[in-house]
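Reading through the structure tokens given below for one structure.
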Amino acid sequence: MECIRDLDPDMEKEFMRNGYSGPEKGLTRWCETMNGREFGRITSWGSGLQRGAEFQMRSPCSHLELPQTLTEPILLRYAAQHGFPCRFRTQFISFDDSAAGPIVVTVRDMIFDKIYTIKTKYLFGADGAKSPIARQLDLPMVMQPSQGIALNVLVHADLAHLMKNRVGNLHYVIRPDAEYPDFAWWSIVRMVKPWYEWLIIMMYKPTCPAEFMPTLDQVKAQVHEVIGDQSVPVMVKRIDKWIINDTVAKLYSKGNVYCLGDAVHRHPPMNGLGANTCTQDAANLAWKLNLVEKGLAGSALLDSYTIERQPVGAGIVARANSSLREHKPIFDALGFLKPSLEERKKELSVLEEDSESGRTRRRELMQAIDYTSHEFLALGSDMNQRYQSAAVFLEGCGDEPPLPSDPVLYYEPHTFPGMRLPHAWLNTAIPQEKVSTLDLAGHGQFTLFISHGGETWRSAARSVEQALKITIAVYAIGYGLEYEAVFNDWYRLREVEESGCVLVRPDNFIAWRSQSVVNDTTSVLEVVFKSILAL
């Protein structure tokens, strides 16, 4: 959402209008059916009292439930309205980058069944987990064994009568005390539009053949089982089979061909890391490409795309797959993994026993559900990215701060180069609408934050602008200056003296900082920029 806000605040508002950021998304449940017994629940995504204030302090944006089916039309409309030709029903066939000069891309017009070529300087493969571009590019992939097969079933079913006391966007449906078909061992019900459109992910049993595909009638029958109310009319709108991947590319590009998103990192949907990471891949590459194409940066700047984003991709693939595995203790506590129905029923009944076994089992279930906070309250996974490349400048910036005690759960903001710009609310001395540090920075340009005693940094920035033909926004934050820190947060977070400065990249990551003013600010700043821009 921060990337969307940076691109266009109006588009962020459109996202908010079409998605859900309130109680609809703030709860995850484990239950036997949507209408049946509940085994446990946890607050999610910073909603409610559990760590809600912490989430709000770390970003000007809210977590938002907005599926890809609603996200893509907004992005496509924005692109089309801003000069990007969009071709529908067009299939990529191959590319040829063997000769000097432009890449030649062969595509098929699927309406007229015509094949034609497109010449381009760059080719971007944001073409999904089956990416033909990544495959032709022969990107080396690190692949772990698959965790199985799943069906995505998009369903129209009005469940409003069930949701009053079950408000939430994720419902794990597990039936230890019932038989189940092999194609629906257990299920995840994700709210798409409250409370009538749902995505039901049906997990294949490990012994179910991967090639098996249930009939529409079988799927509809299982949807009714998941709901737990046979009277609800159900319309299955779409069924897609997919592999639960654990795969990341070692390289994200070769030559002028760059791959992004699921083309280079493939994983289950746990932690909600998929579309978010894809968007951040694009944000990382876009500003670098813009400066290189304008002749304002050396082509070596583009090398930092793989260097910075590949470790992030590897991390989120590992995290999402770990989160999936971390549901096993819940299944164990419910007796769900026992082979026979009678054994499962017996194990499930232990939860209700007034015995040492019952007490142990209840404790195990509670601990297992609590541990899923590493999936549903994982602020650290969202925000602890640290870039280490030539596109940040470390000289004179001190030691890198240690990671939080639990880097999956917790995020600690810093202004160390390569880390995210900390969010802090700002305002003018005569209060108007507050803005975030992230609102001032970004927008395709570098930003320099200064304070009292740091005005020479402003004049240095103007000199560097003229010398390198780049744009540097400069903002003074402090009492009586352009902006003041609401609640004094920025003064605590900036980690430099008042006369120092913090330089922010166009993607809102810290490029460099100086603890205090130096003798020759212009020379120092120019050295920093030339290093970052590979000049």
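The values are calculated or read from the model by the stated rules, or taken from the named source; none is laboratory data. Predicted model only: the values in this text are computed from it and were never measured. All Cβ positions, glycine included, derive from the backbone under ideal geometry; neighbour counts span all protein chains shown.
Brief remarks on what is shown
- Flag set for A282, criterion: closer than 27 Å to S21 by Cβ, touching a helix residue (DSSP H, G or I) at 6+ places or on another chain (Cβ under 8 Å), among the aliphatic types (A, V, I, L, M) and assigned by the TED database to the domain that holds H171.
- For region 260-296, filtered to residues that are farther than 12 Å from R309 by Cβ and among the basic types (K, R), the residue that is surrounded by the most Cβ atoms within 10 Å (Cβ to Cβ) is R266.
- Subset of region 62-78 that is polar (S, T, N, Q) and surrounded by fewer than 17 Cβ atoms within 10 Å (Cβ to Cβ) - its residue that is nearest to C278 (Cα to Cα): Q68
- Residue check, G128 touching a residue at least 24 places away in the same chain (Cβ under 8 Å), on the phi > 0 side of the Ramachandran plot and either surrounded by 14 or more Cβ atoms within 10 Å (Cβ to Cβ) or not basic (K, R) (or both): yes
- Subset tally (residues that are among the aliphatic types (A, V, I, L, M), assigned by the TED database to the domain that holds S373 and touching a His at 6+ places or on another chain (Cβ under 8 Å)) for region 20-59: 1
- Residues that are more than 26 Å from A391 (Cα to Cα) and either part of a strand (DSSP E or B) or touching a helix residue (DSSP H, G or I) at 6+ places or on another chain (Cβ under 9 Å) (or both), drawn from region 479-508: Y483, E484, A485, D489
- Complete set of residues in region 244-260 that are outside any strand (DSSP E or B) and over 30 Å from M202 (Cα atoms): K250, L251, Y252, G255, N256
- The single residue among Q91, Q81 that is of a type in the set (S, T, N, Q) and surrounded by fewer than 11 Cβ atoms within 10 Å (Cβ to Cβ) turns out to be Q81.
- In the set (1) of a type in the set (A, V, I, L, M, F, W, C); (2) under 20 Å from C397 (Cα atoms); (3) not in a loop (DSSP other than H, G, I, E, B), the condition left unmet by A476 is number (2).
- Output for region 139-176, where each listed residue is part of a loop (DSSP other than H, G, I, E, B) and free of Cβ contacts under 8 Å to residues at least 12 places away in the same chain: K164, N165
- Residue within region 3-19 that is assigned by the TED database to the domain that holds A275 and within 18 Å of the chain's Cα centre (by Cα) present: no
- Tally of residues being exposed (fewer than 14 other Cβ atoms within 10 Å of the Cβ) and farther than 15 Å from F39 by Cα across region 338-352: 4
- So E465, is it more than 21 Å from the chain's Cα centre (by Cα), surrounded by 14 or more Cβ atoms within 10 Å (Cβ to Cβ) and in a helix (DSSP H, G or I): yes
- Hey, E495 assigned by the TED database to the domain that holds F529, touching a strand residue (DSSP E or B) at 6+ places or on another chain (Cβ under 9 Å), at pLDDT 95 or above and on the phi > 0 side of the Ramachandran plot or not: yes
- Count of region 453-470 residues which are more than 21 Å from F393 (Cα to Cα) and in contact with a strand residue (DSSP E or B) (Cβ under 8 Å, 6 or more places away or on another chain): 1
- The listed residue being touching a helix residue (DSSP H, G or I) at 6+ places or on another chain (Cβ under 7 Å), within 22 Å of P67 (Cβ to Cβ) and at pLDDT 95 or above, out of I239, I330, I227: I239
- Test: W45 is over 29 Å from H423 (Cβ atoms), touching a Lys or Arg at 6+ places or on another chain (Cβ under 8 Å), buried (at least 17 other Cβ atoms within 10 Å of the Cβ) and of a type outside the set (A, V, I, L, M): no
- Flag for A390 being aliphatic (A, V, I, L, M) and not in a helix (DSSP H, G or I): yes
- So K250, is it surrounded by fewer than 21 Cβ atoms within 10 Å (Cβ to Cβ) and either touching a residue at least 12 places away in the same chain (Cβ under 8 Å) or in contact with a Lys or Arg (Cβ under 7 Å, 6 or more places away or on another chain) (or both): yes
- Filter result for A460 (crowded, with 17+ Cβ neighbours inside 10 Å and assigned to a helix (DSSP H, G or I)): yes
- Look at region 451-469: where a residue is without any contact (Cβ under 8 Å) to a residue 24 or more places away in the chain and a partner is β-branched (V, I, T), sitting 6+ places away or on another chain with Cβ atoms under 6 Å, you get R458/V474; E465/I472.
- Residues located in region 179-208, provided they are at pLDDT below 95 and either hydrophobic (A, V, I, L, M, F, W, C) or outside the structural domain of K237 (by the TED database) (or both): M191, V192, W195
- Residue check, R386 more than 21 Å from L324 (Cα to Cα), at pLDDT 95 or above, within 36 Å of the chain's Cα centre (by Cα) and of a type in the set (D, E, K, R): yes
- Test: residue in region 401-422 that is at pLDDT below 95 and touching a Lys or Arg at 6+ places or on another chain (Cβ under 8 Å): no
- Looking only at residues of region 404-423 that are of a type in the set (A, V, I, L, M) and touching a strand residue (DSSP E or B) at 6+ places or on another chain (Cβ under 6 Å), we find that the one that is farthest from R319 (Cα to Cα) is L421.
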